[in-house]
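Enquirer: Just passing along the structure, written as structure tokens.
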There are 2 protein chains.
Amino acid sequence: MSTDAFTVLAEPTRRRILDQLRDAERSVGELVDGLGVSQPAVSKHLRVLRDAGFVTCRTAARQRIYRLDPGPLRAVDGWLDPYRRLWARHLDALERHLDSQEQ
Amino acid sequence: MSTDAFTVLAEPTRRRILDQLRDAERSVGELVDGLGVSQPAVSKHLRVLRDAGFVTCRTAARQRIYRLDPGPLRAVDGWLDPYRRLWARHLDALERHLDSQEQ
DNA sequence: ACTTCATATGACCGTCAAGGCATATGGCGG
DNA sequence: CCGCCATATGCCTTGACGGTCATATGAAGT
């Protein structure tokens, strides 16, 4: 069953996988090499990432090539959206503070 | 010990707490009422959120008032940053596709 | 000082997820 | 058709986490 996007991102190894896929698609073997984690572990994480829609999979000869899908990350970005006002507010407050310091 | 920001956000109840604190600071009791979760559970989640810097705590009479701190959320936003290029790229590709359709 | 209210903490339990190992699948070359 | 290579899956153990209940802390009021 598909897991929640935040739960998926909670795993450091999975985030590292996403990092590796950011610039280019990669085969499972390449990911294993780049991560220093056992192949079954990587495959399992890929399963989770696939089920949650973070990555898609294409079969090329004997290899499976994984590619990043931006969808779920956009969703997370969307979740963050209402919070961005906070930083803006904080920055405003900071500005006001600095302004009052200046004069 | 302080837990990783993504791990903290993986908990639905903790996200709901953050949601509640988005607009205004609240006492523990108010949070309990708004969440329908037992008070000890809420206190523990608040502990985690505090340790990770998501919230700060002020003591007012017998109550403890919690307020949202944007720091860790900004960090998450920063982590997302290099991925935003992907959506941009995707949109570009879509545009190009639509353009080629038009003519 | 004693009680009460608001919150924090500790102990205990059930659940779940991650890693390691062994093994199954499935395409490909000989 | 058989063995090999790349990847996936099952089983098992272990550790972390969340919930509940009971209890500790600590400030306020009487």
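The values are calculated or read from the model by the stated rules, or taken from the named source; none is laboratory data. As the structure is a prediction and not an experimental result, all values here were calculated from the model. Every residue, glycine as well, gets a Cβ built from its backbone with ideal geometry; the counts of neighbours run over all protein chains shown.
Enquirer: Cβ-Cβ below 8 Å, separation at least six or inter-chain, first residue in region B:69-87 and surrounded by 16 or more Cβ atoms within 10 Å (Cβ to Cβ), second of a type in the set (S, T, N, Q): which pairs?
Expert: B:Asp69/B:Thr56
Enquirer: Also, I was wondering about something else. Kindly indicate whether B:Arg14 is within 12 Å of another protein chain (Cβ to nearest Cβ), of a type in the set (D, E, K, R) and within 25 Å of A:Ala88 (Cβ to Cβ).
Expert: Numbers: within 12 Å of another protein chain (Cβ to nearest Cβ): yes; of a type in the set (D, E, K, R): yes; within 25 Å of A:Ala88 (Cβ to Cβ): yes.
Criteria met by B:Arg14.
So that you can scan it fast, the table gives a plain yes or no per residue for (1) out of contact with any helix residue (DSSP H, G or I) (no Cβ under 9 Å at 6 or more places or on another chain); (2) within 14 Å of chain B (Cβ to nearest Cβ):
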{"position": "A:Arg50", "(1), (2)": "yes, no"}
{"position": "A:Arg64", "(1), (2)": "no, no"}
{"position": "A:Arg67", "(1), (2)": "no, yes"}
{"position": "A:Ala75", "(1), (2)": "no, yes"}
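Enquirer: I'm trying to understand the selection: among the residues of region A:15-45, which are away from DNA strand C (no atom under 14 Å from the Cβ), part of a helix (DSSP H, G or I) and free of Cβ contacts under 8 Å to residues at least 24 places away in the same chain?
Expert: Here is the first cut: in region A:15-45, the residues away from DNA strand C (no atom under 14 Å from the Cβ) are A:19-26, A:30, A:33-34.
If we keep only those that are part of a helix (DSSP H, G or I) too, we end up with A:19-23, A:30, A:33-34.
Residues satisfying the conditions are A:Asp19, A:Gln20, A:Asp23, A:Glu30, A:Asp33, A:Gly34.
Enquirer: From the list B:Leu35, B:Leu31, which one is modelled with pLDDT under 95, within 14 Å of DNA strand D (Cβ to nearest atom), among the aliphatic types (A, V, I, L, M) and more than 30 Å from A:Leu18 (Cα to Cα)?
Expert: Values: B:Leu31 fails: modelled with pLDDT under 95.
After applying the criteria, what remains is B:Leu35.
Enquirer: Report the residue count in region A:39-61 for those that are at pLDDT below 95 and either of a type in the set (S, T, N, Q) or surrounded by 17 or more Cβ atoms within 10 Å (Cβ to Cβ) (or both).
Expert: Residues in region A:39-61 being at pLDDT below 95 and either of a type in the set (S, T, N, Q) or surrounded by 17 or more Cβ atoms within 10 Å (Cβ to Cβ) (or both): 1 in total.
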